[in-house]
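J.: Please see the structure below; I have some questions.
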Amino acid sequence: MKKILLTAAWFAVCAYSLVSAVFGPSGMSATRELERSAAAMRVNLAALEDLNDELGRRWNGLRSDPVTIALEGRSLGFLASDEVAIRLPVEQGRELILPGEAIFHEPVPAVPEGSARLAGLASGLAAGLVAALAARRRAG
């Protein structure tokens, strides 16, 4: 009987450990999803840094280079070919909103700790029942 209980307990601990290691909140599937999400965020961050650099160069050109100001004004239809652009002071404190893709982290649905324990207990009880029936069959 002691051997049956020991086998059932060992099986329950192994089943619980396996369920937690693979499907738990810190398991392999959750870790894999977090690594994928972090990689996507790194790619997005690099793209946004490039975009920020480009917009910074354009912004500096529009603030200080008269040729860039005139070209941009003409392309937008504000200046005719014979007109000259004059830079006027602009209201301070306004924020420039840059485009970019927002990547939100969505936690991977994981097996709750209580469910993992219940699965381990159920498999341990099942293993104990099978071992007890096998022992009874051998004895009888």
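Only the coordinates and a few stated rules stand behind these numbers; no lab work does. For clarity, every value in this text was computed on a predicted model and none was experimentally measured. All Cβ positions, even for glycine, are placed from backbone atoms using ideal geometry, and neighbour counts span all protein chains on display.
J.: Set the Förster distance to 35 Å, then compute FRET efficiency between residue 40 and residue 74 from the Cβ-Cβ distance, nearest 0.05.
T.: Efficiency computed from Cβ-Cβ geometry: 0.30.
J.: So if I place +1 on the C-beta of Lys and Arg and -1 on the C-beta of Asp and Glu, and nothing else carries charge, what would the dipole magnitude of segment 28-90 be about its Cα centre? I want it in debye, nearest 20. Write down the numbers at each step before the final one.
T.: Working: 8 positive and 10 negative charges, 30 e Å.
Result for segment 28-90 is approximately 140 debye, rounded to the nearest 20.
J.: Span-like helices, the chain: DSSP H, alpha-carbon axial extent 27 Å or more, mean Kyte-Doolittle 1.0 or greater, which ones?
T.: 2-23
J.: Taking amide H positions as placed 1.01 Å from N in the peptide plane, with prolines and chain starts having none, which residues 5 or more places from residue 24, or on another chain, fall under 5 Å of its amide H?
T.: Here the answer is 111, since their amide H atoms fall under 5 Å of that of residue 24.
J.: Longest span of the chain, sites excluded, free of GluC sites (Glu not before Pro) in DSSP loop with at most 12 other C-beta atoms within 10 Å?
T.: In the chain, the maximal stretch lacking such sites is 1-82.
J.: For a quick check: sort 86, 4 by the number of other beta carbons within 10 angstrom, fewest at the front. Don't jump to the answer; show the numbers that get you there.
T.: Values: 86 7, 4 18.
In order of increasing Cβ crowding within 10 Å: 86, 4.
J.: Once Rh for the chain is found with the Kirkwood sum over Cα pairs, what is the Stokes-Einstein diffusion coefficient at 4 °C and 1.567 mPa s, in µm²/s?
T.: My calculation gives 60 µm²/s for D.
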